[in-house]
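The values are calculated or read from the model by the stated rules, or taken from the named source; none is laboratory data. Everything quoted here is computed from the prediction, not taken from an experiment. Cβ: placed from backbone, ideal geometry, glycine included. Neighbour counts: every protein chain shown. With ligands, DNA and RNA removed, areas are computed over all heavy atoms of the protein, side chains included. Shrake-Rupley method; radii C 1.70, N 1.55, O 1.52, S 1.80 Å.
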There are 2 protein chains.
Amino acid sequence: MPDTLSKTFAALADPTRRAMLARLSKGQTNVSDLAKPFLKDMSLPAVTKHLKVLEKAGLVTKTREAQWRPCKLNSAPLKDAASWMEQYRRFWEESLDRLEAYLKTVTANTSNQNTKGKQHGRKK
Amino acid sequence: MPDTLSKTFAALADPTRRAMLARLSKGQTNVSDLAKPFLKDMSLPAVTKHLKVLEKAGLVTKTREAQWRPCKLNSAPLKDAASWMEQYRRFWEESLDRLEAYLKTVTANTSNQNTKGKQHGRKK
């Protein structure tokens, strides 16, 4: 039985499921409307299976409204996954700082060489 | 062939692999030291397989330093995954706002009822 965070990441590890979440981020919709854009590339059972994975991970919930049962995005598992990721933020920020420092050195060296080149040119 | 984001999420969908990243976030280490804490629960080939998944997803890179090849955390894929998640931030923040508003209503109602109860008590 996988832990909650593993279920969330596994559910997100598919472009169709991420596209479904993107659609639901625009508002709730019923299953057939949610499925429609994917039916040109895959069967209805395949789409339903993807939706089930999202439901099991708690990323999508089916609400009940009179006659229909619209699907709704549930962001709580995304929040937990984002919190887990936050602990690594300093690493990618450090990488960007290092890249910036490196680019500054390269730019400084290039402009030094250009200046030297011009001075050399003047001496001729 | 899965896309980069799917590979990142799939690699993160396992507690052993997340624990390996947590270890590497403390500094680079060689494979045997990285594997050690996991060998009480699984075989060396199983640990190596997990490490391969992390390497294929670009989350771990093996550097070369004289005699040894230490493993190093590479945060770039985590940055991309976190950026993808950011687009959903407003949903969990809205949920928290709604929860806060609800709790305020409940607290206000409870304190109103307590005040009424006390007034009623005084009248007796």
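What to note about this one:
- Three-way shape label, the range A:17-59, alpha-carbon gyration tensor, a/c 1.5: oblate
- Computed on chain B, with alpha-carbon pairs under 8 angstrom and 6+ residues apart, the relative contact order is 24 percent.
- Ranked from shortest, the separations from the 7 Å Cα-to-Cβ label point of B:SER25 to its equivalents in the other copies are 2.3 nm.
- Sorted from closest to farthest, the other copies place their A:ALA66 label points 7.7 nm away, with each point set 7 Å from Cα along Cα→Cβ.
- Axis-nearest residue in chain A [Cβ, rotation onto B], distance in whole Å: A:PHE9, 2
- The protein assembly as shown: C-alpha gyration tensor shape, a/c 1.5 cut-off, then a/b vs b/c: prolate
- Order by protection proxy (mean Cβ within 10 Å, highest first), peptides B:89-99, A:66-76: A:66-76, B:89-99
- Cleavage-rule hits, trypsin sites (Lys or Arg not before Pro), the range B:1-55, DSSP coil, Cβ neighbours within 10 Å at most 10: B:LYS26, B:LYS40
- Nonlocal amide H pairs with A:THR29, under 5 Å, H built at 1.01 Å: A:CYS71
- Other-chain or far-sequence residues with amide H under 5 Å of B:VAL60's (modelled H): B:GLU55, B:ASN74
- Between A:LYS104 and B:ASP3, the simple label model (points 7 Å from Cα in the Cβ direction) yields a spacing of 3.6 nm.
- The accessible surface of the protein assembly as shown, taken with every protein chain in place and a 1.4 Å probe, is 55 percent carbon and sulfur.
- 10 Å Cβ neighbours from other chains, averaged over peptide B:11-23: 4
- Charge tally in the Cβ shell below 10 Å around A:ALA10, where Lys, Arg are +1 and Asp, Glu are -1, A:ALA10 excluded: +1
- Distance from the C-alpha centroid of the range A:62-82 to that of the range A:2-59: 11 Å, rounded to the whole angstrom.
- Structure remark: mean-square fluctuation, Gaussian network model of chain B, C-alpha springs under 10 Å; the largest value among B:ALA101, B:ALA11, B:ALA22 belongs to B:ALA101.
- Label-point distances for B:ALA108 to the equivalent site in the other copies, using a point 7 angstrom along Cα→C-beta, read 5.9 nm when ranked shortest first.
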